[in-house]
Amino acid sequence: MGELLAVLAGALRISTPYTLAALGGALSERSGVVNIALEAGLLMGALAHAVVAHASGSPWLGLLAAMAAGVAVMALHAALCLHARANHIIVAVGLNLLAVGTGRFALKALYNSAANGPRVDGFETTWWHAVQELPVAGTVAGTPLVLVAILLVPAVAFLVDRTVLGLRIRAVGQHPAAAETQGVNVLRVRWAALLLCGLLCGLGGAYLAADQHQFTQGMSAGRGFIAVSAVVFGQWRPARVWVGCLLFGLLESLQISLQSSSVGIPGQLVQMLPYAMTLVVLALAASRANAPRALGQPWPAGR
Amino acid sequence: MTVTPLLEAVELSRAYGACVANERVSLALRAGRIHALVGENGAGKSTLCRMLFGLVRPDAGRILVDGRAVTLRSPRDAMAAGLGMVHQHFMLVDELTVAQNVVLGREPRRGGRMDLARAEAETAELAARFGLAVDPRAPVGGLAVGVQQRVEILKALHGGARVLLLDEPTAVLTAQEVDALLAVLRRLRDEGRAILVVTHKLPEVMAVSDEVTVLRQGRVVGRLDTAATSAVALSELMVGRHVDLSRRPRTTTPAEERLRVEDLVVRGPDGRARVNGVSLSVRAGEVVGIAGVEGNGQAELVEGLCGARSPASGRVVLCGQDVSRASVRRRRDAGLCHVPEDRLAQGLVPAMAVADNAVLGVHHRAPASRGGVLRRAGIAAAAQALVRAYDVRPADPALPVAALSGGNQQKVLVGRELSAGPRVVILAQPTRGVDVGAMERIHAAILAARDAGLAILLVSAELTELLALSDVIHVLYRGRIVHTVDAAAATVESLGPPMLGAGVAA
């Protein structure tokens, strides 16, 4: 029983950065902008968090810096895709590479290190320690950002389904010309979606750095791509996207507990499990049939 | 000339590169009047509309609203000035509901969020006031085309439009839906709105408009009171010469059976039977027409016959040979040619030159190629012949097909298929979206092919076209032939009810 709870708690913690990045990805793609730069958003968020938290001594300032960094990444994405009309995929590949390079450069320049930065404090405060004393909730919740990610799921769903901005995001992702002829500024709506996406990715990055209590080279480790998979798995709907993130988190958590229980399976094979399962799940459950129809198309159309 | 027009265009000009789309075009729309704007494809009707709605900026000229000059930089400006537009290709977000589409861009809010209940109430109220029956909560994607158009009109009215611009509003409607639309337009007129209807369908112009402006090659060539003119006079103004699209007596008689279809069942991508037990026969020298509201299995029937989709059961017999399971290539080699309904998606490769498009499908044979290598001279000669025979304009086989107008693209497609030496031709919507001049040319080609002894199956949503060309007309409804009639004895009115399923057991 205790072990099961540990696996579930692990799943929730592991899925937190997935959830934050994937919610952002869903917003971006619902507006029609393909976003596989979630990885860059996470990594830059983590870097900004670690640097600012270390310099200021405040994880909360680090959190703000992480959100700003995520927003900056997606602002670049927006500028290149929406105004320079660059291919969304190519831009994202460039941003992902840029993020890796920036992380490496910052480690070397600031801390003269090739692999990791100095230790930073997590978000745990007095009141949070009280929460952690609670029997089940304490184990499950981990850090405040785990809770924030969970609360953001209905918040983003509400944004998409119930607000004016959400309606416009859906409209410009499906049929930008229809929105335009009704007086909606397509590019402005896509900018808004991308900036929100950056904010969410930044939060995810902050979680990563705070969880490890430091920034390490390449620490996003493909999580942004898992998040992209979760967006497709969840058919661009926040609640289902979250289910996808939980599923991937659960697979990883299982793998960790399998490894430690050492039932005689080679460790490398067990480590592969989440990735193999990701492939299987995506092959079975994911179809692009419900993708926003204008996904990846430049606006205005034509040249 | 006492009342100031609600909207006036004064000597508007607009060029695209070297091509002058509008040259000093003037037009006045008055309250309580329906103004028809007619002209062939490429005459500049859409450009004028787009300028009036802020989608395109004029190079020169002025736009006056209530007598005051305005600059329309975007549709938002146009809507603020009291203009509304119903686009030819609907500007609807299929995934959203009717109400969401109607209020998009000016959503009612309560607190920080959208007030969907009010959006639905506003939509219902407008719909009731103008007799535009729709369910505000229905997702738009599932609605019939005629209903979607009502949503488009509601959008404009919700935006407070006093002037309504409708671009080819009847192109996709059935005869009954057209009547309903015209009734709505009259109601809007009687409420004091100004209405511009862009069309190339003259019977509708005569039925609904108060005045007409005729465009030809970007210029106004006629400004008339509808009561003082006729459809024939208008068509001659549009084309610049005399045209005749009426039914012509035939000089030949049908001979042996060329195409026989027995109990054909074709399933759609979702596995449902879209063609459900169709049997028919086409003889040499005969045109058999297929009428029906779009989406009743026409597309699947054509795909099943030409081999793009294999039938679930039933037989297709081509000149005595069973080709039910044969590939497209084998059917083509057996003498079956096919003009698909969507010329740009299925019939032509838009980015390729007219010349290359002119030999697609016969590219593997002389004169287009030998031993797998294309022969430029052979292709050029074939293309030249086609361009000349069908009067494709501009007459330059090196141009990409995408650079041609819809009518000229269609001439390339029909010409290619008819000159491939077929014994049976299947034509799907051969004149969709083409102007009267191109239509006349294509109709003449079809009748010439008939007289030369080809067997022709004509699938069309245009009843006047079917009536003018066919010998026999079958009405397709939900994948079945529900009505068969001698074309000479049929009328638009008599075909309408079976097209909508009247008299068919459910």
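Given a 1.4 Å probe and the protein chains as shown, residue B:16 ends up with an accessible area of around 100 Å².
Taking only protein heavy atoms and a 1.4 Å probe, the accessible area of region A:197-303 is 63% carbon and sulfur.
The number of Lys pairs in the protein assembly as shown with C-alpha atoms less than 28 Å apart, excluding pairs fewer than 8 positions apart on the same chain, is 5.
The largest accessible area among A:242, A:236, A:299 belongs to the first residue in A:242, A:299, A:236, and the rest follow in falling order (1.4 Å probe, all chains).
So how tilted is helix B:376-389 from the main axis of chain B? Cα-based, degrees 0 to 90, rounded to 10. For B:376-389 against chain B, the angle is about 60 degrees. In degrees, nearest 10, range 0 to 90: what is the angle between the Cα axis of helix A:186-212 and the longest Cα principal axis of chain A? Taking the Cα atoms of chain A, the angle to A:186-212 is about 10 degrees.
In this structure, the amide hydrogen of residue B:39, modeled 1.01 Å from its nitrogen in the peptide plane, lies closer than 5 angstrom to those of B:199, B:215, counting only residues at least 5 positions away or on a different chain. Interface residues of region A:145-168, defined as a loss of at least 30 Å² in heavy-atom accessible area between the chain alone and the complex of all protein chains with a 1.4 Å probe, are A:158, A:162, A:164, A:167, A:168.
Relative contact order for chain A: 37 percent, from Cα pairs under 8 Å spaced at least 6 residues apart, divided by residue count. Here the sum of -39500 (n - 2.57) over DSSP H runs of 4 or more residues, divided by the residues of chain B, equals -9000 deg cm²/dmol at 222 nm, to the nearest 500. For residue B:272, the shell of other residues with beta-carbons less than 14 Å away shows a net charge of +3, using +1 for Lys and Arg and -1 for Asp and Glu. Dipole of the protein assembly as shown computed with +1 at Lys/Arg Cβ and -1 at Asp/Glu Cβ about the Cα centre; of A:298, B:183, B:464, farthest Cα towards the positive end is A:298. Under 5 Å from the amide H of residue B:258 lie the amide H atoms of B:282, B:283, B:284, each residue being 5 or more positions distant or on a separate chain, with H modelled from the backbone and absent for Pro and chain starts.
Expressed as a fraction of 2.2 N^0.38 Å, the value expected for a compact globular protein of N residues, the C-alpha radius of gyration of the protein assembly as shown is 1.13. Here is the tail figure for region A:15-90: Cα pairs spaced more than 22 Å apart come to 27 percent of all pairs.
Given +1 on the Cβ of Lys and Arg, -1 on the Cβ of Asp and Glu, and no further charges, what dipole in debye does region B:212-304 carry about its Cα centre, rounded to the nearest 20?
Details: 13 positive and 12 negative charges, 90 e Å.
That gives region B:212-304 a dipole magnitude of about 440 debye.
Local charge for residue A:293 was computed over the other residues whose Cβ lies under 13 Å away, with Lys and Arg +1 and Asp and Glu -1, and equals 0.
Couplings 3J(HN,Hα) of region B:395-403, computed from phi: 7, 10, x, 7, 5, x, 4, 4, 7 Hz, in residue order, whole Hz [Karplus 6.51 cos²θ - 1.76 cosθ + 1.60, θ = phi - 60°; x for Gly and Pro].
Would you rank B:306, B:319 by solvent-accessible area, highest first, keeping every protein chain in place and using a 1.4 Å probe?
Numbers: B:306 10, B:319 45 Å².
In descending accessible area the options line up as B:319, B:306.
The angle between the Cα long axis of helix A:238-261 and the main principal axis of chain A comes to about 30°, on a 0 to 90 degree scale. What whole number of Å gives the distance from the Cα centroid of region A:39-61 to the Cα centroid of region A:171-200? Measuring centre to centre over Cα atoms gives 29 Å.
Ligands, DNA and RNA aside, residue B:411 has an accessible area near 10 Å² when probed at 1.4 Å. When the solvent-accessible area of chain B is split by element, carbon and sulfur atoms take up 52 percent of it, the probe being 1.4 Å.
Of the residues A:60, A:128, ranked by 1.4 Å probe accessible area with the largest first, the sequence reads A:60, A:128.
In the calculated pair-distance distribution of region A:199-247, the portion above 13 angstrom amounts to 61 percent of the Cα-Cα pairs. Near residue B:425, the amide H atoms lying under 5 Å from its own belong to B:337, B:455, B:456, B:457; only residues 5 or more places off or on other chains count, and H is placed 1.01 Å from N. Basic side chains Lys and Arg get +1 at the Cβ, acidic Asp and Glu get -1 at the Cβ, and with that the dipole of the protein assembly as shown about its Cα centre reaches some 1240 debye.
So for chain B, taking the charge dipole from beta-carbon charges (+1 Lys/Arg, -1 Asp/Glu), which of B:366, B:17, B:87 sits furthest toward the positive end? Sorting the options by dipole projection puts first B:366. Here the sum of -39500 (n - 2.57) over DSSP H runs of 4 or more residues, divided by the residues of chain A, equals -25000 deg cm²/dmol at 222 nm, to the nearest 500.
Other residues whose C-beta falls under 14 angstrom from the C-beta of residue B:25 contribute a net charge of +4, scoring Lys and Arg +1 and Asp and Glu -1. Separation of region B:37-65 from region B:106-134 is 31 Å, based on Cα centroids.
How large is the accessible surface per residue of chain B, computed with a 1.4 Å probe and reported in Å² as a whole number? Don't skip to the end; give the middle numbers.
On the way: 20980 Å² over 506 residues.
With the other protein chains kept in place, chain B gives 41 Å² per residue.
Evaluate the charge dipole of chain A about its Cα centre and quote only its size in Debye, nearest 20, assuming +1 on the Cβ of each Lys and Arg and -1 on the Cβ of each Asp and Glu. Provide the component values of the computation, followed by the final result.
Values: 17 positive and 10 negative charges, 211 e Å.
With only Lys, Arg, Asp and Glu charged at Cβ, the dipole is about 1020 debye.
Only one residue of A:93, A:181, A:44 has its Cα farthest out toward the positive end of the dipole of region A:13-220, where Lys and Arg carry +1 and Asp and Glu -1 on Cβ, and that residue is A:181.
Per residue, region A:1-45 exposes 23 Å² of solvent-accessible protein surface, assessed with a 1.4 angstrom probe and all protein chains in place.
If you take the Cα centroid of region B:467-506 and the Cα centroid of region B:167-226, the two points sit 27 Å apart.
Which whole-number percentage describes the relative contact order of region B:7-239, with Cα contacts under 8 Å and a sequence gap of 6 or more?
So the answer I get is 29 percent.
For residue B:40, the solvent-accessible surface with a 1.4 Å probe is about 40 Å², rounded to the nearest 10.
The values are calculated or read from the model by the stated rules, or taken from the named source; none is laboratory data. Computed from a predicted structure; not experimentally measured. Cβ atoms come from the backbone with ideal geometry, glycine included; neighbour counts cover every protein chain shown. Note: areas computed on protein heavy atoms with side chains; ligands, DNA, RNA excluded. Shrake-Rupley method; radii C 1.70, N 1.55, O 1.52, S 1.80 Å.
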